[in-house]
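The values are calculated or read from the model by the stated rules, or taken from the named source; none is laboratory data. Since the model is a prediction, treat every value here as computed from it, not as a measurement. As a convention, Cβ positions derive from the backbone with ideal geometry for all residues, glycine included, and neighbour counts pool all protein chains shown.
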Amino acid sequence: MINHNTGEITIIVALDENNGIGRDGDLLCHLPNDMKHFKQITTGHTVIMGRRTYESLPKGALPNRTNVVITSDAAENYPGCIVVRSVEEALSRCSNQEKIFVIGGGRLYRATIGLADRLSLTRIHHSFSDADTFFPEINFDEWTLTKKEAHAADNKHRYPYTFLTYSKK
């Protein structure tokens, strides 16, 4: 088990009804309000991501955030990012941060779900049969739902979705 002396660790993810989170290195669908929500709660804080998640970002490092990329290939170039080799190293580099957000991908979520203090989920009310990356199973006995905000499908959002915030018990 990794010990961390950091601020609050929040995992943030959009997932379908089967815990699918991605397909071919991209998100399952585009939900503009989810993007706004993500930006609103992560701006000004640290985001930790794996290499593939970084590579999926259209413009590289996310602005107005401290970007930390975990990769075994330190020779790669990640402009605007702190590059580390492990979750432990990422957390030690963030020891002075009040809020840290883990933003993906699947392997990083599996490695950090036991460390997280909060889960910020966007549950997409649809099952994508072609999802190839999944979020780990959540033991909801370990979490308390603290916020729920449901949204219907509309002309900008093909699928209904719900913002869910959980705190570790």
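Of the residues making up region 1-27, those that are of a type outside the set (A, V, I, L, M), within 26 Å of residue 72 (Cα to Cα) and buried (at least 19 other Cβ atoms within 10 Å of the Cβ) are 6, 10, 20, 22. On the stretch given as region 28-48, residues that are hydrophobic (A, V, I, L, M, F, W, C), surrounded by 19 or more Cβ atoms within 10 Å (Cβ to Cβ) and not in a helix (DSSP H, G or I) total 4. Among residues of region 142-157 that are of a type in the set (Asp, Glu), those with a beta-carbon under 7 Å from a residue that is surrounded by 10 or more Cβ atoms within 10 Å (Cβ to Cβ) and part of a strand (DSSP E or B) at least six positions away or on a different chain give the pairs 142/168; 149/162; 149/163. Considering 112, 71, 43, 66, which residue is within 23 Å of residue 169 (Cα to Cα) and of a type in the set (S, T, N, Q)? One residue alone meets the criteria, 112.
Limited to region 45-71, what total is found for residues that are of a type in the set (S, T, N, Q) and either touching an Asp or Glu at 6+ places or on another chain (Cβ under 7 Å) or in contact (Cβ under 8 Å) with a residue 24 or more places away in the chain (or both)?
4
Mind telling me which of the residues 109, 159, 166 ends up being surrounded by 15 or more Cβ atoms within 10 Å (Cβ to Cβ), among the aromatic types (Phe, Trp, Tyr) and more than 18 Å from the chain's Cα centre (by Cα)? Every option except 159 fails the conditions. Out of the residues in region 54-86 that are modelled with pLDDT under 95 and closer than 23 Å to residue 163 by Cα, state the one that is surrounded by the fewest Cβ atoms within 10 Å (Cβ to Cβ). The qualifying residue surrounded by the fewest Cβ atoms within 10 Å (Cβ to Cβ) is 57.
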